[in-house]
Structures are given as structure tokens and as C-alpha cells.
Amino acid sequence: MTDKPNDDKFYLIGKLYSNLQSLEFVLRAALYDNKSKPHNPIGYGMSINTFSVDDIVPENALTDYSTLKQLIDRYNKEIAKGDPLLMVDNAIITIRDALAHGRVSSNSPEDDLMILKFDIPKNSQVKVVFAQKMTKDWIKEKISKLYSEILKVSSPYRI
């Protein structure tokens, strides 16, 4: 039997992942609005929502190949000029990288999930660089943190 959907661990992990995606998009939108380089604007009447496979589009903050870390660094560099309180916490990268590159397991379906991330091997040894039991409280805390970072970036007072 599962808990209510809002408390289900898999629902919460999906919400955490969705907030990471939302943060990346609002960072890209803020950088695009600020004409952050590279800035080749999308043509009048065009929308990213109408792009199709094989379309060739201008390179800009919405379309470039920047990682979330690079986006946060660019955004923070620009926002620091105006209001440092709106800077995005770089600790989010650790969570994102653990979810993207970590190993998730549990001993049974009822147990909390454990997420581990390993460093690049050296001398046939591997260092654990992230280890966290993904309790519902931990996931909810990270969702809340991400949401507050999204609000910072989407603030009308940014950049």
C-alpha cells in the first residue's frame, strides 16, 4: 500500500527532478532576457515551442549547450552586479549531479532509497563523493530549496 500521492517517494523524486528542470529553464530565460552572450535572438514570430528535430536555430541562452553549473555561474556573475541576494546557491549542482550520475537503490520497496555518487577512479580505487538516504523529509527539503531558487531567478527584480 502506498501513501498519499503527495507523500509518495517516487512522486516526490519526480517533483524534485521537475524543479531542477524548471530552475534551468528560468535561468536560461533570465540570461536570454539580459542578452547574455552568446546572444543571437530568436526571430520575430518564432517560438522555442515550435522547434522541430533538424531545425537550425540561433545560438543563445535558450539554445546553447551550457550545463546547469555554467548557467548558474553566468547568472550569478550578472546578478551580483545588482542584488547578490538573488544569486543562486551552487549547492544545487551537487543534488543535480547525484540524480543524473548517481546510483539509486534500496534493500526493499518499503525502505528509503539510497543515492550514491562516485568520483573518477584513481589507482583502481573509487571515492564516494555523495551519499544520502532519500527520505521523504530530505526530498521535500530539496524541493523547497529548489523552489526558492526558482523564485529568486524569476523575480521581477533580477538582472
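The values are calculated or read from the model by the stated rules, or taken from the named source; none is laboratory data. As the structure is a computational prediction, the values presented were derived from the model and not from experiment. Backbone-built Cβ (ideal geometry, glycine too); neighbour counts: all protein chains shown.
Kindly indicate whether Ser36 is of a type in the set (Ser, Thr, Tyr) and surrounded by 11 or more Cβ atoms within 10 Å (Cβ to Cβ).
For Ser36, the condition - of a type in the set (Ser, Thr, Tyr) and surrounded by 11 or more Cβ atoms within 10 Å (Cβ to Cβ) - is met.
Would you confirm whether or not the stretch 107-130 contains a residue that is of a type outside the set (A, V, I, L, M) and closer than 21 Å to Glu24 by Cα? Break it down into steps so the answer makes sense when it comes.
In the first step, residues of the stretch 107-130 are kept if they are of a type outside the set (A, V, I, L, M); the result is 107-112, 117-119, 121-125, 127, 130.
Adding the requirement that they be closer than 21 Å to Glu24 by Cα leaves none.
No: zero hits.
Which pairs have Cβ atoms under 8 Å, sit 6 or more apart or on different chains, and link a residue in the stretch 80-94 that is closer than 11 Å to Glu149 by Cα to one that is outside any helix (DSSP H, G or I)?
Sorted first by the residue in the stretch 80-94, then by its partner, the pairs are Leu86/Ser155; Leu86/Tyr157; Leu86/Arg158; Met87/Ala80.
Answer yes or no as to whether Phe51 is without any contact (Cβ under 8 Å) to a residue 60 or more places away in the chain, out of contact with any helix residue (DSSP H, G or I) (no Cβ under 6 Å at 6 or more places or on another chain) and under 18 Å from Ser148 (Cβ atoms).
no
Quick one: is Asp73 without any contact (Cβ under 8 Å) to a residue 40 or more places away in the chain, under 30 Å from Val126 (Cβ atoms), out of contact with any Cys (no Cβ under 7 Å at 6 or more places or on another chain) and surrounded by 14 or more Cβ atoms within 10 Å (Cβ to Cβ)? Steps first, answer last, please.
Numbers: without any contact (Cβ under 8 Å) to a residue 40 or more places away in the chain: yes; under 30 Å from Val126 (Cβ atoms): yes; out of contact with any Cys (no Cβ under 7 Å at 6 or more places or on another chain): yes; surrounded by 14 or more Cβ atoms within 10 Å (Cβ to Cβ): yes.
Criteria met by Asp73.
Take the stretch 1-13 and flag every residue that is surrounded by fewer than 12 Cβ atoms within 10 Å (Cβ to Cβ) and either modelled with pLDDT of 90 or more or touching a Gly at 6+ places or on another chain (Cβ under 8 Å) (or both).
none
Just a yes or no: is a residue in the stretch 26-39 without any contact (Cβ under 8 Å) to a residue 40 or more places away in the chain, basic (Lys, Arg) and touching a Phe, Trp or Tyr at 6+ places or on another chain (Cβ under 6 Å)?
Scanning the stretch 26-39 turns up no residue that is without any contact (Cβ under 8 Å) to a residue 40 or more places away in the chain, basic (Lys, Arg) and touching a Phe, Trp or Tyr at 6+ places or on another chain (Cβ under 6 Å).
More than 24 Å from Phe10 (Cβ to Cβ) and among the aromatic types (Phe, Trp, Tyr) - does that describe any residue in the stretch 102-123?
Looking for residues that are more than 24 Å from Phe10 (Cβ to Cβ) and among the aromatic types (Phe, Trp, Tyr), one finds none in the stretch 102-123, hence no.
So, in the stretch 138-159, how many residues would count as being over 18 Å from the mean Cα position of the chain (by Cα) and surrounded by 11 or more Cβ atoms within 10 Å (Cβ to Cβ)?
Number satisfying all stated conditions: 2.
Could you tell me whether Asp119 is of a type in the set (D, E, K, R), over 19 Å from Leu20 (Cβ atoms) and surrounded by 10 or more Cβ atoms within 10 Å (Cβ to Cβ)?
Values: of a type in the set (D, E, K, R): yes; over 19 Å from Leu20 (Cβ atoms): yes; surrounded by 10 or more Cβ atoms within 10 Å (Cβ to Cβ): yes.
Yes.
Could you pull out the residue among Ala98, Ala30, Ala61 that is touching a strand residue (DSSP E or B) at 6+ places or on another chain (Cβ under 8 Å), surrounded by 15 or more Cβ atoms within 10 Å (Cβ to Cβ) and not charged (D, E, K, R)?
Ala98
If you check every pair at least six apart or on different chains, which have Cβ atoms under 9 Å apart with a residue in the stretch 118-140 that is closer than 20 Å to Ser106 by Cα first and a residue that is of a type in the set (Ser, Thr, Tyr) and surrounded by 10 or more Cβ atoms within 10 Å (Cβ to Cβ) second?
Val129/Thr94; Phe130/Thr94; Met134/Ser106
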